[in-house]
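Structure below; questions to follow.
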Amino acid sequence: MNDTGKSTTIRDVAQYVGISVTAVSQILNGKGDRFSDETIRKVREAQRILNYHPNFYARGLVGQRSNSIGIVIPNIMNPFFASLVLSVENAAIPKGIFPQVFSVNGFHENIDYFIEQFISGTQKGLILAAPGASREIVDKLALSNNLPMVMTDQADLNGKYDMVLINELKAGEMIASHLLELGHSRIAIVLPFGLTLNLKHRFDGYKAAFKKYHVPVPLDLVFQANFDPSGGVDAVSKIITTDATAIIAINDDVAIGIYRGLASHHKNIPDDYSVVGFDDINLTNYLVPRLTTIEQPIADIGEQSVQLLVNKMNDPNVQRKSVILDVKLRIRESTKKLEM
Ligand code: RIB
């Protein structure tokens, strides 16, 4: 918004920086190689200060959107998110829509930048599966540019957008109840540093199970670790010094590290420790013993997310929808009854 109360235009940005409109347009569309870093920095700063976001209707570009959608995920190296991307591709490509992946990885401060590319980009829709995007940017994308958008998994902006989620509370309760029903009470829990909204609900589910079985929540056995196999290995070096008889891993990736850590300490699964995971990623088929885990409906998440985007593309006024999917408990050989 400029000082006349009107929406800021690219002309305002050019005037603010003291360069041509063409130069601003090239810089904001990633074609500004010929400009100095200082000029590019000034343009980005002006864009932020003046709150400038190109509007397709003003630019007459709306009809020129490609048949592509964006999917923003936290980390492509995590097998769950790789499978999520695949499920989106399997649902989108037969409809003639091609997903473009943005993996945020460690560059969380860039997530707004990734998403802003959709304001001046050509994607027809956005599936957001990563946390940390600012509501101001997402609202501008969803509202002023009316871009179809679906929130899923770790996306932590809810309320105004289509959403496809799993029932995290119930899923967390299911997996912890399984161990409690086997007689375990001293259960270690391995969580990532900093819980995202969906993982907070999952942890709440674990705690609800302990309350349901009148077992004190073992907060002294909650360990935080990297959100990958290295975190599982590190957590085991602490868990083996406790009286835990079972271990809940926040996901299968961490559970794989727990397997490695227990093996290096000559501990047996499930005789010494029952172990459970979450996601049911393909890699768990190669674990011995096979991992008890929660199967996430990844194919359904992809299909439902793409369908909601297509519905919105076909009718911008379609009613917002929240889809909550159930999960399945897959009991395998990594858990057993506690022998007193
Ligand atoms: O493996 C990644 C985990 O975090 C999954 O359980 C998924 O739900 C994500 O939030």
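Could you order the peptides 222-228, 237-243 from most to least packed, using the average number of other C-beta atoms within 10 Å per residue?
Answer by packing, highest mean first, reads 222-228, 237-243.
Based on the Kirkwood radius over alpha-carbon pairs, what value in µm²/s does the Stokes-Einstein equation return for the translational diffusion coefficient of the range 106-183 at 25 °C and 0.890 mPa s?
Values: Rh = 14.2 Å.
Here the translational diffusion coefficient equals 173 µm²/s.
Specify the inter-centroid distance of the range 141-165 and the range 273-301, based on alpha-carbon positions, in whole Å.
28
Follow-up question, since we're still on this one. Using a Cα-Cα cut-off of under 22 Å, which lysines could be cross-linked to residue 31, ignoring same-chain neighbours fewer than 8 residues away?
42, 124
Before I look further, what does the range 168-296 give for accessible area per residue, probe 1.4 Å, in whole square angstrom?
So the range 168-296 comes to 40 Å² accessible per residue, rounded to a whole number.
For the range 10-54, what does the equivalent ellipsoid look like in terms of its semi-axes, each the square root of 5 times an eigenvalue of the Cα gyration tensor, given largest first in whole Å?
14, 10, 10
So how long is each side of the range 168-296 along the principal axes, counting just the alpha-carbon atoms, biggest first, in Å?
For the range 168-296, the Cα spread along each principal axis is 34, 28, 25 Å.
Build a GNM of the chain with springs between Cα atoms under 10 Å: which of 38, 109, 295 gets the top mean-square fluctuation?
38
Given the pairs 212/267; 170/267; 140/312, which span a C-alpha to C-alpha distance of over 19 angstrom in this model?
As for pairs spanning more than 19 Å Cα to Cα, those are 212/267; 170/267.
Just how far, in whole angstrom, is the range 316-340 from the range 5-43 if you go by their alpha carbon centroids?
Going from one Cα centre to the other spans 48 Å.
If you don't mind, another one. Amide H to amide H, which residues 5 or more places from residue 189 or on other chains are under 5 Å from it, using H placed in the peptide plane?
For residue 189, the qualifying residues are 222, 223, 248.
Next up: Calculate the radius of gyration of the Cα atoms of the chain to one decimal place, then report Dmax, the largest Cα-Cα distance, as a whole number, both in Å.
Using the Cα atoms of the chain, the pair Rg, Dmax is 23.5, 78 Å.
Then there's this: Using a Gaussian network model on the chain with a 10 Å cutoff between Cα atoms, which of 177, 20, 103 fluctuates the most?
Fluctuation is largest for 20.
Pick out which of 299, 246, 14 has the largest mean-square fluctuation in a Gaussian network model of the chain, springs linking Cα atoms closer than 10 Å.
Comparing 299, 246, 14 in the GNM, the peak value goes to 14.
Can you give the FRET efficiency for residue 224 and residue 144, using 1/(1 + (r/R0)^6), R0 = 41 Å, r = Cβ-Cβ distance, to the nearest 0.05?
The computed FRET efficiency comes out at 0.55.
The values are calculated or read from the model by the stated rules, or taken from the named source; none is laboratory data. Please read all numbers here as calculations on a predicted model, not as lab measurements. Counting neighbours? That spans all protein chains shown, and the Cβs are built from the backbone with ideal geometry, glycine included. We work out accessible area using only protein heavy atoms, side chains counted, and drop any ligands, DNA or RNA first. Shrake-Rupley method; radii C 1.70, N 1.55, O 1.52, S 1.80 Å.
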